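First the structure, in the form of C-alpha coordinates, and then the observations on it.
The values are calculated or read from the model by the stated rules, or taken from the named source; none is laboratory data. Just so you know, these numbers come straight off a predicted model, no measurement behind them. Glycine gets a Cβ as well: all are built from the backbone with ideal geometry, and neighbour counts include every protein chain shown. All accessible areas refer to the heavy atoms of the entire protein, side chains included, with ligands and DNA or RNA removed. Shrake-Rupley method; radii C 1.70, N 1.55, O 1.52, S 1.80 Å.
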Amino acid sequence: MSSYAPPDPPGADPAYDVVVLAGGAARRLGGADKPAVRVGGRALLDRVLAACADARVSVVVAEPRPTARPVRWAREDPPGGGPVAALAAGLAHTTADRVVVLSADLPFLEAATVRSLLGASGADGALLTDADGRDQPLVAAYRTEALHRELTVLTEEHGDLDGLPLRRLTAGLDLVRVPDPVAAFDCDTWDDIATARARIREHGHVLDEWISAVKDELGIDLDVDTGVLLDLARDAAHGVARPAAPLTTFLVGYAAARAGGGPEAVAEASRKAAALALRWADEDTADKPDAG
(Lines give C-alpha, C1' and ligand atoms only; values in the text may rest on other atoms or scores of the structure.)
Protein backbone atom coordinates (compact mmCIF):
# COMPACT_ATOMS: atom_id res chain seq x y z
CA MET A 1 0.00 0.00 0.00
CA SER A 2 1.35 3.44 -0.98
CA SER A 3 0.44 5.99 1.67
CA TYR A 4 1.64 9.56 1.90
CA ALA A 5 2.97 11.75 4.67
CA PRO A 6 4.24 15.27 3.82
CA PRO A 7 7.82 16.12 4.86
CA ASP A 8 8.93 19.22 6.67
CA PRO A 9 8.29 22.48 4.74
CA PRO A 10 11.05 23.18 2.20
CA GLY A 11 13.25 26.24 2.49
CA ALA A 12 12.93 29.25 0.25
CA ASP A 13 15.26 28.04 -2.48
CA PRO A 14 14.92 29.45 -6.03
CA ALA A 15 16.35 26.24 -7.48
CA TYR A 16 14.21 23.34 -8.60
CA ASP A 17 14.24 19.58 -8.29
CA VAL A 18 13.05 17.14 -10.94
CA VAL A 19 11.12 13.88 -10.58
CA VAL A 20 11.06 11.58 -13.60
CA LEU A 21 8.54 8.75 -13.65
CA ALA A 22 10.17 5.85 -15.49
CA GLY A 23 8.61 2.72 -14.06
CA GLY A 24 5.60 2.14 -16.32
CA ALA A 25 4.81 -1.21 -17.95
CA ALA A 26 5.05 0.10 -21.56
CA ARG A 27 2.33 -2.30 -22.70
CA ARG A 28 1.95 -0.56 -26.07
CA LEU A 29 5.63 -1.27 -26.68
CA GLY A 30 5.17 -4.93 -25.90
CA GLY A 31 6.64 -4.54 -22.44
CA ALA A 32 9.95 -3.14 -23.72
CA ASP A 33 12.15 -1.17 -21.33
CA LYS A 34 10.93 2.15 -22.72
CA PRO A 35 13.28 4.50 -20.79
CA ALA A 36 16.23 2.57 -22.29
CA VAL A 37 14.97 2.78 -25.90
CA ARG A 38 17.42 4.89 -27.88
CA VAL A 39 16.49 7.86 -30.03
CA GLY A 40 19.39 9.60 -31.70
CA GLY A 41 21.86 7.29 -29.97
CA ARG A 42 20.66 8.24 -26.48
CA ALA A 43 18.29 6.49 -24.13
CA LEU A 44 14.97 8.30 -23.76
CA LEU A 45 15.61 8.66 -20.03
CA ASP A 46 18.99 10.29 -20.67
CA ARG A 47 17.41 12.73 -23.11
CA VAL A 48 14.91 13.81 -20.45
CA LEU A 49 17.58 14.14 -17.77
CA ALA A 50 19.71 16.28 -20.10
CA ALA A 51 16.89 18.82 -20.36
CA CYS A 52 17.04 19.21 -16.55
CA ALA A 53 20.80 19.23 -16.16
CA ASP A 54 20.62 22.28 -13.87
CA ALA A 55 18.17 20.69 -11.43
CA ARG A 56 19.44 20.65 -7.87
CA VAL A 57 18.24 17.09 -7.29
CA SER A 58 17.21 14.61 -10.00
CA VAL A 59 15.00 11.75 -8.82
CA VAL A 60 14.02 8.86 -11.08
CA VAL A 61 11.18 6.64 -9.93
CA ALA A 62 12.09 3.22 -11.36
CA GLU A 63 14.39 0.31 -10.82
CA PRO A 64 18.03 1.57 -10.92
CA ARG A 65 19.84 1.44 -14.24
CA PRO A 66 22.88 3.13 -15.81
CA THR A 67 22.30 6.79 -16.68
CA ALA A 68 24.45 9.48 -18.26
CA ARG A 69 23.87 11.79 -15.27
CA PRO A 70 23.83 11.10 -11.53
CA VAL A 71 20.34 10.60 -10.08
CA ARG A 72 18.61 9.46 -6.91
CA TRP A 73 16.44 6.38 -7.27
CA ALA A 74 13.02 5.92 -5.73
CA ARG A 75 10.20 3.39 -6.03
CA GLU A 76 6.56 3.36 -5.01
CA ASP A 77 5.59 0.54 -2.66
CA PRO A 78 4.41 -1.73 -4.08
CA PRO A 79 5.93 -1.15 -7.54
CA GLY A 80 3.34 -0.57 -10.23
CA GLY A 81 1.09 1.51 -7.98
CA GLY A 82 0.46 4.08 -10.68
CA PRO A 83 1.62 7.62 -11.43
CA VAL A 84 0.28 9.33 -8.31
CA ALA A 85 1.92 6.79 -6.00
CA ALA A 86 5.13 7.05 -8.03
CA LEU A 87 5.08 10.84 -7.83
CA ALA A 88 4.66 10.72 -4.06
CA ALA A 89 7.62 8.34 -3.79
CA GLY A 90 9.81 10.65 -5.85
CA LEU A 91 8.63 13.82 -4.14
CA ALA A 92 9.83 12.45 -0.80
CA HIS A 93 13.40 12.96 -2.03
CA THR A 94 12.96 16.64 -2.98
CA THR A 95 13.24 19.83 -0.95
CA ALA A 96 13.14 22.68 -3.49
CA ASP A 97 10.14 25.00 -3.59
CA ARG A 98 9.44 23.95 -7.17
CA VAL A 99 9.58 20.53 -8.76
CA VAL A 100 9.52 19.61 -12.42
CA VAL A 101 7.63 16.36 -13.03
CA LEU A 102 8.31 14.46 -16.24
CA SER A 103 7.73 11.15 -17.92
CA ALA A 104 10.77 9.33 -19.28
CA ASP A 105 9.61 9.19 -22.91
CA LEU A 106 9.93 12.79 -24.13
CA PRO A 107 12.45 12.79 -27.01
CA PHE A 108 12.14 16.50 -27.83
CA LEU A 109 12.14 18.04 -24.36
CA GLU A 110 14.71 20.83 -24.07
CA ALA A 111 16.04 22.99 -21.28
CA ALA A 112 14.23 26.03 -22.71
CA THR A 113 10.89 24.27 -22.25
CA VAL A 114 11.69 23.43 -18.65
CA ARG A 115 12.60 27.06 -18.00
CA SER A 116 9.37 28.29 -19.63
CA LEU A 117 7.36 26.03 -17.34
CA LEU A 118 9.24 27.23 -14.28
CA GLY A 119 8.69 30.83 -15.34
CA ALA A 120 4.94 30.53 -15.90
CA SER A 121 2.78 32.37 -13.39
CA GLY A 122 0.16 29.85 -12.27
CA ALA A 123 -0.52 29.82 -8.56
CA ASP A 124 0.33 26.12 -8.34
CA GLY A 125 2.48 25.69 -11.45
CA ALA A 126 2.26 25.09 -15.17
CA LEU A 127 1.91 22.17 -17.54
CA LEU A 128 2.25 21.63 -21.27
CA THR A 129 -0.62 20.90 -23.62
CA ASP A 130 -0.16 18.70 -26.67
CA ALA A 131 -1.14 19.19 -30.32
CA ASP A 132 -4.78 18.40 -29.47
CA GLY A 133 -4.88 20.78 -26.51
CA ARG A 134 -4.83 18.00 -23.93
CA ASP A 135 -3.14 18.55 -20.57
CA GLN A 136 0.19 16.77 -20.07
CA PRO A 137 0.65 16.56 -16.28
CA LEU A 138 3.93 14.67 -16.77
CA VAL A 139 5.49 17.62 -18.56
CA ALA A 140 4.97 20.19 -15.84
CA ALA A 141 6.47 22.36 -13.12
CA TYR A 142 4.62 22.48 -9.81
CA ARG A 143 4.86 24.31 -6.54
CA THR A 144 6.08 21.59 -4.21
CA GLU A 145 3.77 22.73 -1.42
CA ALA A 146 0.78 22.41 -3.75
CA LEU A 147 1.65 18.82 -4.58
CA HIS A 148 2.06 17.97 -0.90
CA ARG A 149 -1.33 19.56 -0.20
CA GLU A 150 -3.18 17.61 -2.88
CA LEU A 151 -1.42 14.33 -2.10
CA THR A 152 -2.50 14.73 1.52
CA VAL A 153 -6.10 15.33 0.42
CA LEU A 154 -6.08 12.23 -1.80
CA THR A 155 -4.58 10.09 0.94
CA GLU A 156 -7.27 11.23 3.37
CA GLU A 157 -10.01 10.52 0.81
CA HIS A 158 -8.80 7.15 -0.45
CA GLY A 159 -6.57 5.76 2.28
CA ASP A 160 -3.71 5.22 -0.18
CA LEU A 161 -2.62 6.42 -3.61
CA ASP A 162 -2.44 3.15 -5.51
CA GLY A 163 -4.13 3.20 -8.89
CA LEU A 164 -5.19 6.85 -8.82
CA PRO A 165 -4.94 8.75 -12.13
CA LEU A 166 -2.98 11.98 -12.28
CA ARG A 167 -6.09 13.96 -13.18
CA ARG A 168 -7.32 13.38 -9.63
CA LEU A 169 -4.21 15.19 -8.42
CA THR A 170 -4.17 18.05 -10.93
CA ALA A 171 -7.91 18.73 -10.66
CA GLY A 172 -7.30 20.59 -7.40
CA LEU A 173 -4.42 22.69 -8.74
CA ASP A 174 -4.43 26.18 -10.26
CA LEU A 175 -2.22 25.63 -13.31
CA VAL A 176 -1.20 27.64 -16.35
CA ARG A 177 -1.41 25.81 -19.68
CA VAL A 178 1.60 26.21 -21.99
CA PRO A 179 1.04 24.94 -25.58
CA ASP A 180 4.06 23.09 -26.97
CA PRO A 181 3.16 20.11 -29.20
CA VAL A 182 6.80 19.28 -29.98
CA ALA A 183 8.08 19.11 -26.40
CA ALA A 184 4.88 17.33 -25.33
CA PHE A 185 5.36 14.57 -27.91
CA ASP A 186 5.80 11.28 -26.07
CA CYS A 187 6.67 7.80 -27.30
CA ASP A 188 3.89 5.37 -26.46
CA THR A 189 4.22 3.09 -29.52
CA TRP A 190 6.92 1.86 -31.88
CA ASP A 191 5.45 4.18 -34.52
CA ASP A 192 6.09 7.09 -32.13
CA ILE A 193 9.69 5.90 -31.71
CA ALA A 194 10.11 5.74 -35.51
CA THR A 195 8.68 9.25 -35.88
CA ALA A 196 11.08 10.62 -33.26
CA ARG A 197 14.09 8.90 -34.83
CA ALA A 198 13.19 10.24 -38.27
CA ARG A 199 12.71 13.80 -37.04
CA ILE A 200 16.08 14.13 -35.35
CA ARG A 201 17.79 13.02 -38.56
CA GLU A 202 16.26 15.88 -40.52
CA HIS A 203 18.78 18.38 -41.81
CA GLY A 204 17.87 21.13 -39.36
CA HIS A 205 18.30 18.91 -36.29
CA VAL A 206 20.88 16.26 -36.99
CA LEU A 207 24.04 18.18 -36.09
CA ASP A 208 22.76 19.42 -32.74
CA GLU A 209 21.45 15.94 -31.96
CA TRP A 210 24.79 14.37 -32.83
CA ILE A 211 26.74 16.84 -30.69
CA SER A 212 24.41 16.18 -27.75
CA ALA A 213 24.78 12.43 -28.17
CA VAL A 214 28.58 12.65 -28.27
CA LYS A 215 28.68 14.86 -25.17
CA ASP A 216 26.50 12.40 -23.26
CA GLU A 217 28.58 9.44 -24.43
CA LEU A 218 31.83 11.12 -23.36
CA GLY A 219 30.46 12.59 -20.14
CA ILE A 220 31.03 16.17 -21.29
CA ASP A 221 28.75 18.91 -19.97
CA LEU A 222 29.96 21.85 -22.03
CA ASP A 223 28.22 24.32 -24.32
CA VAL A 224 30.43 25.64 -27.10
CA ASP A 225 29.88 27.63 -30.27
CA THR A 226 29.72 24.86 -32.87
CA GLY A 227 29.74 27.47 -35.63
CA VAL A 228 33.24 28.55 -34.60
CA LEU A 229 34.48 24.96 -34.70
CA LEU A 230 32.87 24.32 -38.08
CA ASP A 231 34.45 27.47 -39.48
CA LEU A 232 37.81 26.33 -38.12
CA ALA A 233 37.39 22.89 -39.71
CA ARG A 234 36.52 24.53 -43.03
CA ASP A 235 39.54 26.84 -42.91
CA ALA A 236 41.88 23.96 -42.05
CA ALA A 237 40.45 21.76 -44.82
CA HIS A 238 40.61 24.44 -47.49
CA GLY A 239 43.78 26.22 -46.43
CA VAL A 240 45.88 23.20 -45.44
CA ALA A 241 44.47 19.80 -46.43
CA ARG A 242 41.19 17.94 -45.86
CA PRO A 243 42.57 15.64 -43.13
CA ALA A 244 43.67 18.74 -41.23
CA ALA A 245 40.05 19.51 -40.31
CA PRO A 246 39.37 16.71 -37.78
CA LEU A 247 42.94 16.73 -36.49
CA THR A 248 42.85 20.47 -35.86
CA THR A 249 39.55 20.38 -34.00
CA PHE A 250 40.88 17.52 -31.86
CA LEU A 251 43.97 19.55 -30.99
CA VAL A 252 41.79 22.56 -30.15
CA GLY A 253 39.80 20.43 -27.72
CA TYR A 254 42.99 19.07 -26.17
CA ALA A 255 44.43 22.56 -25.79
CA ALA A 256 41.20 23.84 -24.25
CA ALA A 257 41.23 20.98 -21.74
CA ARG A 258 44.81 21.77 -20.74
CA ALA A 259 43.77 25.40 -20.25
CA GLY A 260 41.10 24.39 -17.76
CA GLY A 261 38.22 23.71 -20.12
CA GLY A 262 35.09 25.79 -20.49
CA PRO A 263 33.60 27.68 -23.45
CA GLU A 264 36.13 30.51 -23.16
CA ALA A 265 39.09 28.12 -23.44
CA VAL A 266 37.56 26.47 -26.51
CA ALA A 267 36.90 29.86 -28.12
CA GLU A 268 40.47 31.06 -27.50
CA ALA A 269 42.06 27.87 -28.84
CA SER A 270 39.75 28.01 -31.87
CA ARG A 271 40.70 31.63 -32.53
CA LYS A 272 44.40 30.84 -32.48
CA ALA A 273 44.06 27.80 -34.73
CA ALA A 274 41.82 29.66 -37.20
CA ALA A 275 44.35 32.50 -37.44
CA LEU A 276 47.11 29.96 -38.07
CA ALA A 277 45.08 28.28 -40.83
CA LEU A 278 44.52 31.63 -42.54
CA ARG A 279 48.23 32.52 -42.28
CA TRP A 280 49.10 29.12 -43.73
CA ALA A 281 46.77 29.67 -46.68
CA ASP A 282 48.04 33.20 -47.26
CA GLU A 283 51.58 31.89 -47.84
CA ASP A 284 50.44 30.52 -51.19
CA THR A 285 50.03 34.05 -52.52
CA ALA A 286 52.24 36.15 -50.25
CA ASP A 287 55.48 37.59 -51.62
CA LYS A 288 54.81 36.31 -55.15
CA PRO A 289 55.90 38.78 -57.85
CA ASP A 290 53.11 40.24 -59.97
CA ALA A 291 52.81 38.70 -63.41
CA GLY A 292 53.82 40.99 -66.24
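Counted as membrane-span-like here are DSSP H helices of the chain whose alpha-carbon atoms extend 20 Å or more along the helix's own axis and whose Kyte-Doolittle mean is 0.0 or above; these are 244-258.
With a sphere of radius 9 Å drawn around the Cβ of Arg69, what net charge do the other residues whose Cβ falls strictly inside it have (Lys, Arg +1; Asp, Glu -1)? Walk me through the numbers on the way to the answer.
Working: positive: none; negative: Asp46, Asp216, Asp221.
Net of charged neighbours comes to -3.
Once log10 I(q)/I(0) by the Debye sum over Cα atoms at q = 0.09, 0.15 Å⁻¹ is calculated for the structure shown, the corresponding label among [x] -0.41, -1.25; [y] -0.46, -1.25; [z] -0.53, -1.12 turns out to be [z]. Springs join every pair of Cα atoms under 10 Å in this Gaussian network model of the chain, and among Ala274, Ala92, Ala126 the largest mean-square fluctuation is at Ala274. When you restrict to C-alpha pairs under 8 Å that are six or more residues apart and normalise by the size of the chain, the relative contact order lands at 18 percent.
Computed on region 14-69, the Cα convex hull volume stands at 85 Å³ per residue.
Order 255-263, 78-86, 162-170 from most to least packed using the mean count of other Cβ atoms within 10 Å.
On the way: 255-263: 13.7, 78-86: 20.1, 162-170: 16.9.
Highest to lowest by the protection proxy: 78-86, 162-170, 255-263.
Based on protein heavy atoms only, region 14-165 ends up with 39 Å² per residue of surface accessible to a 1.4 Å probe.
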